[in-house]
Amino acid sequence: MSNTTRSALITGITGQDGAYLARLLLGKGYEVYGLAPRRSTDTSWRLRELGILDGVHMIDGDLADLSSLIRAMETSRADEVYNLGAQSFVGTSWQQPLLTADVDGTGAIRMLEAVRIVNREAHYYQASTSEMFGLIQADRQDENTPFYPRSPYGVAKVMAHWATVNYRESHGMHASSGILFNHESPLRGIEFVTRKVTHAVASIKLGKQKELRLGNIDSKRDWGFAGDYVEAMWLMTQQPSPDDYVVATGITVSVRDMCKLAFAHVGLNYEDYLVIDPKFMRPAEVDVLLGNPAKAKAKLGWTPHTPIEELVAMMVDADLRRLSA
Ligand code: NAP
Ligand code: G4F
């Protein structure tokens, strides 16, 4: 590595955001290290799909294991650390609340500790979330809106968020928190509603599936494209001072309307295929999220580029391609 090459460590590199962020950083000339937990099957399909698997250095490690995080910091000699690793599915957090708290909450503190111990000059990014707003306390949520999490996942992320603020204030670390609203892509996990819908639409169109079963279709989300959102993560670590930023589109759309768009893209009417199944309802719901990204626009110069219509079309087309292959 030359003296001028910057090094980045990404936890959760095998996830949706990890893959897009790795591609962005490789494009900027970074040496990219990815921390990934040991699994019994190959989890690198997203890195493969983006054609970057050979370009990144993989490190075995887990947010539950401090020594592996310290080792990852030593191996990567990271100038920038992006903590994206998480049990990120809200639904599962009611089934595994302690694991979610350990990985998403305490795990962030372990990563902050590893940074503090090995190289406290490294710039740190925490993957915070609009789920922290939960039962919303303002019509449009921004950096000053109080949190009211509605799931074990949201609770764990609030802990990680405040830990990030605390390491900044206690240890003078360059630790920033990106409060990102929902962002999707063809690389989204199939358990999340947008990808579940686009995969079903493609499958129904190709005659492989007859119906789509969903829970609460009246909830609303501020949905953007993951490829746009990883740019905001990088911009945060480039700032002279660390801070917290809301990253969102400023537009909210119901699950119902998202479905309508996806089915219409292949010339179908969603009402002919959608079945409401109580199995997919949550013990406590986040009814609506709508972000105000004014600070990210003003201070980072960040803007989203991908409207929901384009995003949904991109996802349906990718699923059609995969299922036809
Ligand atoms: P994702 O696709 O679910 O990726 C999560 C990543 O974390 C995966 O690589 C996963 O590996 C890894 N991971 C799970 N448990 C781990 C552990 N114990 N130690 C280390 N890594 C672990 O999630 P994403 O959509 O890319 O989101 C990235 C981050 O942003 C997450 O922290 C999420 O909570 C947060 N976030 C996401 C959104 C969104 O809309 N996408 C919005 C706001 C915040 P395996 O696949 O092997 O389990
Ligand atoms: O796609 P979802 O599972 O995403 P959710 O719960 O908003 O969480 C995602 O975004 C957060 C940011 O706000 C991230 F922090 C988090 O990691 C994750 O990426 O559900 C969206 C909405 C919910 O209201 C849910 O109840 O869709 C509703 N929904 C209705 N039927 C469904 C279904 N969700 C899923 N996953 N599956 C359904 O069948």
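Computed from the coordinates by the stated procedures, all read-outs in this text should not be read as laboratory data. Note that the coordinates shown come from a computational prediction; the quantities given were computed from them, not determined experimentally. Neighbour counts run over all protein chains shown; Cβ positions are idealised from the backbone, glycine included.
Structure values in brief
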| quantity | calculated |
| --- | --- |
| Helical contribution to [θ] at 222 nm, DSSP H n ≥ 4, -39,500 (n - 2.57), averaged over the chain, rounded to 500 | -12000 deg cm²/dmol |
| Amide hydrogen neighbours beyond the local backbone of Leu35, cut-off 5 Å, H modeled | Ile10, Thr11, Gly12, Ile13, Ile59 |
| Whole-percent pair-distance distribution, where bins are 5 Å wide, for the alpha carbons of segment 19-139 | 2, 10, 18, 21, 20, 15, 8, 4, 1, 0 |
| Charge tally in the Cβ shell below 13 Å around Asp42, where Lys, Arg are +1 and Asp, Glu are -1, Asp42 excluded | +3 |
| Computed label-point distance, nm, for sites His57 and Glu121 using a 7 Å Cα→Cβ extension | 1.8 |
| Local electrostatic count, Arg150, Cβ distance below 13 Å [Lys/Arg +1, Asp/Glu -1] | -1 |
| Beta bridge orientation in the chain: antiparallel %, DSSP, nearest 5 | 5 |
| Fully extended contour minus Cα-Cα distance, from Lys297 to Trp45, at 0.36 nm per residue | 87.5 nm |
| Extension gain, Ser203 back to Leu268 (0.36 nm per residue minus Cα-Cα distance, nm) | 22.2 nm |
| Net lengthening on full extension, Ser324/Asn166 (0.36 nm per residue, minus Cα-Cα) | 51.9 nm |
| Net charge of Cβ neighbours under 12 Å - reference Leu63; Lys, Arg +1; Asp, Glu -1 | -4 |
| Separation in nanometres of the label points that stand 7 Å from Cα toward Cβ, at Glu211 and Gln238 | 5.0 |
